[in-house]
Amino acid sequence: MYRPNTQNLSSAHRTFEQHIDAVLREILKEVQLMRQQRQSDNLTAWKEQNPVLASRCGKAFDKLAELQNELIENLVEAVEELEGGYDGIFSLREFTDKYANVSTQLNNVMSTLKALRA
């Protein structure tokens, strides 16, 4: 009675799976690169079709960058004030309420303007 060598089959199966994994990773990488190129092309086209608005986006970005610096300065001062101690979780919540949401939203807006600026 014939019995296949399961160790060799197992090894061949692993090799095949590794090959498939490598091929799939390469395909995913290509898809990501194509998506990034398409986004870049779309942004370039938008900027060419809307040069005045793209310029205004750049100016708005610059103004928001100044505001972001002020926010960071205030945040650092608030952290320095906490070095002497804080009132537990209430102070932490107050701190995050004051800075975390504003910082996140500002970063999102700035990211959009940065991509659209001329």
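The values are calculated or read from the model by the stated rules, or taken from the named source; none is laboratory data. Just so it is clear, the model here is predicted, and its values are computed rather than measured. Every residue, glycine among them, receives a Cβ derived from its backbone with ideal geometry; neighbour counts consider all protein chains shown.
Would you check if V31 is of a type in the set (V, I, T), within 20 Å of the chain's Cα centre (by Cα) and either part of a helix (DSSP H, G or I) or modelled with pLDDT of 95 or more (or both)? Here the answer is yes, as V31 does meet what is asked.
Looking only at residues in region 65-101 that are at pLDDT 90 or above and under 19 Å from the mean Cα position of the chain (by Cα), the one that is surrounded by the most Cβ atoms within 10 Å (Cβ to Cβ) is Q68.
Here's the yes/no breakdown for (1) over 16 Å from S111 (Cβ atoms); (2) in contact (Cβ under 8 Å) with a residue 24 or more places away in the chain; (3) aliphatic (A, V, I, L, M):
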{"site": "V31", "(1), (2), (3)": "yes, no, yes"}
{"site": "W46", "(1), (2), (3)": "no, yes, no"}
{"site": "P51", "(1), (2), (3)": "yes, yes, no"}
{"site": "E66", "(1), (2), (3)": "yes, no, no"}
{"site": "E73", "(1), (2), (3)": "yes, no, no"}
{"site": "A78", "(1), (2), (3)": "yes, no, yes"}
{"site": "L82", "(1), (2), (3)": "yes, no, yes"}
{"site": "S91", "(1), (2), (3)": "yes, no, no"}
{"site": "E94", "(1), (2), (3)": "yes, no, no"}
